[in-house]
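The values are calculated or read from the model by the stated rules, or taken from the named source; none is laboratory data. Because the structure is predicted, anything quoted here is derived from the model rather than measured. Using ideal geometry, Cβ is built from the backbone for each residue, glycine included, and neighbour counts are taken over all protein chains shown. To get the accessible areas, we keep the full protein, side chains included, count just its heavy atoms, and leave off ligands, DNA and RNA. Shrake-Rupley method; radii C 1.70, N 1.55, O 1.52, S 1.80 Å.
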Amino acid sequence: LACRHHRCAFPVSCNELCVWNTATAQPLYLSGHHYSISALSFGNKINPLLVCSASHDRVIVWNLDECTQKVQEGFTPQGIVIGTLLGMVLHIRFSPDDQQVAVCAGNLIYVLSAKKEAILAELDGHLAPVTAAEFCTWEKNMLISVSEDRTFKARKVWEYSTSQLIYQSGIITAFPLLSLLIDEENKQIITGCAEGQLWIFSLISDHNYRSIAHIDLKKEQEKFCNKVWKSGKEIGEGQNNSRLFKTDSMRPAGSVETSLPILLIEHCDFFVGFHNEENTYFSQKTSYFWIGTSTGLLIINLANFELEAFLSYRDYSDLSIRFARSCALTRKAANGKVLCLITSMFEDMIAVLEVNLAALVRTQHSDFLPRGNEKSLSVIARKHQVFVLCKTIYFNCKNNLLGKHFIVYQIIFLGVKNTVKDKPLVFHSKIKSSGYTAAPRMTMFSPNTNLKKQEVSKWKASCKCKNKEYPLEICPPIKYEKETSVTCKPTPIFCVQYSGDGELLACGQADKTVLVFNSNLTHVHNV
């Protein structure tokens, strides 16, 4: 799936591409693939607006303006084939200038020209299928990719102009990495796995790709739901007991707990609905981003890594999709609304949701945000049977999502002066004296001079045994006794150093790690 402005792209009848204009409700059908379409992506520029589709046999770039003109003239639109027989493609992405296309096919990443059929670079190294790749916007010729590889090759940074591996992370998680987003403003990358875990890493050159935060979406969602549950508010379509708020302790016996795979991470145009409001609870300098999962949409605050709002698919009776297999979102909101495109996990069904972001956030933070003339969230189902094997449901999501989880902070911030004022600082009836009235202590310490001669001699003998010196009368060592491999990949060793007692050996490596061995190289004490 792919979304861009007011256009949605998705496959129809397996090998046919449909680009639907939501403003005019006109579909544009593009044919050129012989196998099922497995990946889609829109270009970054508006003029011309490009879309790339990939299947097992072909990778095609379409110019939507030219294709629309061809259809109006009665001709069959054609795209530019930029790659053939690359394998099973899971992900494609345009470069910032729309001149190259990164194609993730199997364990490889192909960097193709967007103008003609030419492979500019072939990047290998992953041990499992590559699931996502993104171009770095502020540093030219840099590509970041994540994979299903569960070893140390799960996340890579490439300089694709020379096909050189710049950085390779260690193991991030036991679950496959599915999604990736580059935060240009904060120079960070955000990646998500199949078990609802988010990791944020810094891309600043001096930070060496260090980890900044780890977010467990299940815990954050449960924390958010517990606050709403305790406050007595209702979320959804007026339901008193929304299934979304039933945590582990409330889950009935025999029910199944589903995983929370992160299908999509996208920037959130958070303040588009509050541009006419002077006093807003949320900071204008904070970044927000969407998280698309199999069960709903979430909005995460990048400043405190907390959940700000969420939308669950199963809380809307008009939406027949309960579990999504894939998800796509528009990066920028149009008229305060965001288009969301989801496909069913079990059926050949596609749904288009139009989410009113301001109404969604305002109703979940109604204690702080001013209420406008907008109604609470509701679903207006207008079903159009216009696509083959596809039922499109058009939503205006303004349902009643309420929450009071920020009232706690309001009490703390506004009640500090009143609660601390005129209160005793100590609540004990008796307080131990600090000892300033007692006489000063003259003797600071007393050395133990009663050591027996035998104990002193034993202690000296043990020190002599540990601090061994190489005999001068013996020839220098020319044969090695033992050899061990310190890493599983070629890594330079910069320095080695024995400990003072000669029992341990430290080894400093080029990958910024220090290994500590026994002197006989039999056991690794620390990494």
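Projected label points at residue 76 and residue 305, each 7 Å from Cα along the beta carbon direction, are separated by 5.3 nanometres.
Using a 1.4 angstrom probe on heavy atoms only, work out the carbon and sulfur share of the accessible area of region 45-110 in %. Here carbon and sulfur together make up 51 percent of the probe-accessible area. Only Cα pairs under 8 Å and 6+ residues apart enter the sum, and on that basis the relative contact order of region 40-87 stands at 33 percent.
For region 39-102, the list of chymotrypsin sites (Phe, Trp or Tyr not before Pro) that fall in a loop by DSSP and count at most 15 other C-beta atoms within 10 angstrom reads 75.
For region 31-36, putting each phi into the Karplus relation 6.51 cos²θ - 1.76 cosθ + 1.60 with θ = phi - 60° gives couplings of 10, x, 9, 9, 10, 5 Hz, in residue order, rounded to whole numbers and with x for Gly and Pro.
Amide H contacts under 5 Å for residue 167: 157, restricted to partners 5 or more places along the chain or on a different chain, H placed in the peptide plane at 1.01 Å from N.
Distant-in-sequence amide contacts of residue 287, defined by a placed amide H-H separation under 5 Å and a gap of 5 or more residues or a different chain, comprise 302, 303. Evaluating 6.51 cos²θ - 1.76 cosθ + 1.60 at θ = phi - 60° for every residue in region 119-133, the Karplus couplings come out as 8, 7, 7, 10, 9, 10, x, 6, 9, 8, x, 7, 9, 7, 8 Hz, glycine and proline recorded as x. Measuring against 23 Å, Cα to Cα, the residue pairs 218/337; 70/116; 223/337; 116/332; 140/337 contain 218/337; 223/337; 116/332; 140/337 as the ones spanning a longer distance. Computed extension gain for residue 184 through residue 139, at 0.36 nm per residue and net of the alpha carbon distance, reaches 15.2 nm.
For region 104-118, the Karplus equation 6.51 cos²θ - 1.76 cosθ + 1.60, evaluated at θ = phi - 60°, returns couplings of 9, 10, x, 8, 10, 10, 9, 9, 10, 6, 7, 9, 8, 7, 7 Hz by residue, with Gly and Pro reported as x. Proximity of backbone amide H atoms, modeled 1.01 Å from N, is registered between residue 28 and 19, 20, 21 at under 5 Å, excluding neighbours fewer than 5 places apart on the same chain. Computed over neighbours whose Cβ is under 14 Å from that of residue 103, the net charge equals -3, Lys and Arg +1, Asp and Glu -1.
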